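I have placed the structure first, in the form of structure tokens, so that the comments after it can refer back to it.
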Amino acid sequence: MGTIRLDIVTVERELFSDDVDMVVAPGSEGVMGILSNHVPLLTSLNVGELVVHKKGQEDIIFAIGDGFMDVQPCHVTILADVAEQANEINMERAKAAHDKAEKAIASGSLSAGKLRRAEASLKRASLRMKVAEKYGK
Amino acid sequence: MASLREIRRRIKSVKNIAQVTQAMQMVAASRMKKAQEQALASRPYAERTFEILHHLADQSKSVKNLHPLLVERPVKNVGILLITADKGLAGAYNSNIIRATMRFNKSTKQPTAYITVGKKGFDLMNRFNNKVIADFVNYLPDRPGLIDIIPIAEMVMDSFLNGVVDEVYLAYTKFVNTVVQTPRVDRLLPFEPSEPFKITIEHESLQKKTLASVYEYEPDPETVLDVVLPRFIRSLVYQAVLESIASEHSARMVAMRNATDNAHELIDTLNLTYNRARQESITKEILDIVGGVEALGKN
């Protein structure tokens, strides 16, 4: 089995770039595992966990927000709105964001646009917490 | 000739000014560095997204009809997203970009509506009674993240999609280096994917990657384009904001450095005047004494 190059890029920075064995990504049509020599594919991604397998190493877990993925036979590029490595997640911060968004939504006084944003940040924060709980230290 | 005390007071006040401008220069310098790094860090995303868009455009010749953000229509109203600073004291930074925008405005025949980021641009557009459809005044934090940009980008795309404007231009200041920043007005929407995009990406830096010609799309090309395109527009707005912020801080830094230099020069001149005046008064005193002694001796 050959390796495949994985780049994770967010709008704010380039997060990860390395040769890996397998990438498991939360595609919009379901979770998919990508090995090398995959058929060229372009897909949108959902909010979810991204798992990176590398032989002889512990799996690396990322929490990613919406985005999309470009798969080439030997190159995978993930362009995410937000992405964070599981052990980089600050639990307290995620919890604070979670509570704030929840409160904002519960108050019911938000405009449509703000409500959408609050819902998105709630979704992200709870994902962060989930990933951090599962894999974080 | 001013009195000694007056000169001394002026030296003191100029020294104070120099101290303040020097402090502002330091602050601007460190902010500039951070803003520059941020602007560079966000480039890969824009480049990759562009590659994919370009590819999607290649794939289907009818891509023009694939997404409303790509559709050209007769231009009745022009929209300009004007990015300026909230604060002044940044040399010619604000006036340069505003002047460039006004010049552009004159060259278009259609009525123009503005979306302004930054207080300076908003104030000026208001003063000239230009139509402002949305303003983001004192809105951006020091180091804006994507979260801060999304509302701006959405506002821009919505006003284009709702037909409020039929074309959107992006007026921002491109950061070249510490002393050179160029104001620019570039078209943002409708987006032209087949052209190498010049707003933020240097043409040469785009590697011509051989992307596979047969692609699978999940769920389908339209949906993928629907995901990719708004994100790309968003990243362009983000990039333009970061470039503008880096430009603002470097313009401010240079302006403050000039002010500090001028203050030091002024202090030197004042010191000279002060010393001359002091010497003069001493000479006068000595003359008085000598004259007095002589007068006494004659008696």
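The values are calculated or read from the model by the stated rules, or taken from the named source; none is laboratory data. Predicted model, so just to flag it, every value in this text is computed and none were measured. Cβ coordinates were reconstructed from backbone atoms using ideal geometry, including for glycine residues, and neighbour counts include every protein chain displayed.
State the number of residues belonging to the range B:9-50 that are within 14 Å of chain A (Cβ to nearest Cβ), touching a residue at least 60 places away in the same chain (Cβ under 8 Å) and not polar (S, T, N, Q). If you could, list the steps in order and put the result at the bottom.
At the first step, the residues of the range B:9-50 found to be within 14 Å of chain A (Cβ to nearest Cβ) are B:34-50.
Filter again for touching a residue at least 60 places away in the same chain (Cβ under 8 Å), leaving B:34-36, B:38-39, B:42-43, B:45-47, B:49-50.
Remaining after also requiring not polar (S, T, N, Q): B:34-35, B:39, B:43, B:45-47, B:50.
Of the residues in the range B:9-50, 8 are within 14 Å of chain A (Cβ to nearest Cβ), touching a residue at least 60 places away in the same chain (Cβ under 8 Å) and not polar (S, T, N, Q).
Inside the range B:9-24, residues that are farther than 14 Å from B:Glu265 by Cα and exposed (fewer than 15 other Cβ atoms within 10 Å of the Cβ) make up a count of 3.
Within the range B:109-167, the set of residues being of a type in the set (S, T, N, Q) and more than 22 Å from B:Leu69 (Cα to Cα) comprises B:Asn126, B:Asn129, B:Asn130, B:Asn138. In the range B:51-88, the residue that is surrounded by the fewest Cβ atoms within 10 Å (Cβ to Cβ) out of those that are modelled with pLDDT of 80 or more and within 23 Å of A:Glu12 (Cα to Cα) is B:Asp86. What are the residues in the range A:13-44 that are within 9 Å of chain B (Cβ to nearest Cβ) and of a type in the set (Asp, Glu), if any? Those that are within 9 Å of chain B (Cβ to nearest Cβ) and of a type in the set (Asp, Glu): A:Glu14, A:Glu29.
Quick one: how many residues across the range A:35-46 are within 15 Å of the chain's Cα centre (by Cα) and buried (at least 19 other Cβ atoms within 10 Å of the Cβ)? Break it down into steps so the answer makes sense when it comes.
Taking the range A:35-46 and keeping what is within 15 Å of the chain's Cα centre (by Cα), we get A:43-46.
Next, only the ones that are buried (at least 19 other Cβ atoms within 10 Å of the Cβ) stay: A:43-45.
Qualifying residue count for the region: 3.
Can you work out which of the residues in the range B:141-183 that are of a type in the set (A, V, I, L, M, F, W, C) and in a loop (DSSP other than H, G, I, E, B) is surrounded by the most Cβ atoms within 10 Å (Cβ to Cβ)? Don't jump to the end; show me each part of the working.
Restricting attention to the range B:141-183, the residues satisfying the condition of being of a type in the set (A, V, I, L, M, F, W, C) are B:146-147, B:149-150, B:152-153, B:155-157, B:160-161, B:164-165, B:168, B:170-171, B:175-176, B:179-180.
Now restrict to residues that are in a loop (DSSP other than H, G, I, E, B): B:164-165, B:176, B:179-180.
Working: B:Val164: 14, B:Val165: 25, B:Val176: 13, B:Val179: 9, B:Val180: 10.
Among those residues, the one meeting the criterion is B:Val165.
Among the residues of the range A:47-69, is any surrounded by fewer than 17 Cβ atoms within 10 Å (Cβ to Cβ), within 13 Å of another protein chain (Cβ to nearest Cβ), of a type outside the set (Val, Ile, Thr) and closer than 21 Å to B:Tyr215 by Cα? No, the range A:47-69 contains no residue that is surrounded by fewer than 17 Cβ atoms within 10 Å (Cβ to Cβ), within 13 Å of another protein chain (Cβ to nearest Cβ), of a type outside the set (Val, Ile, Thr) and closer than 21 Å to B:Tyr215 by Cα.
Residue-by-condition table, conditions (1) among the acidic types (Asp, Glu); (2) more than 28 Å from B:Val27 (Cβ to Cβ):
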| site | (1), (2) |
| --- | --- |
| B:Glu243 | yes, no |
| B:Ala255 | no, no |
| B:Ala259 | no, no |
| B:Asp288 | yes, yes |
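Just to be sure, is B:Leu236 at pLDDT 90 or above and either more than 23 Å from B:Pro68 (Cα to Cα) or within 14 Å of another protein chain (Cβ to nearest Cβ) (or both)?
Working: at pLDDT 90 or above: no; either more than 23 Å from B:Pro68 (Cα to Cα) or within 14 Å of another protein chain (Cβ to nearest Cβ) (or both): yes.
Criteria not met by B:Leu236.
Taking the conditions (1) within 15 Å of the chain's Cα centre (by Cα); (2) at pLDDT below 85; (3) among the hydrophobic types (A, V, I, L, M, F, W, C); (4) exposed (fewer than 14 other Cβ atoms within 10 Å of the Cβ) in turn, A:Ala112 satisfies each one other than (1).
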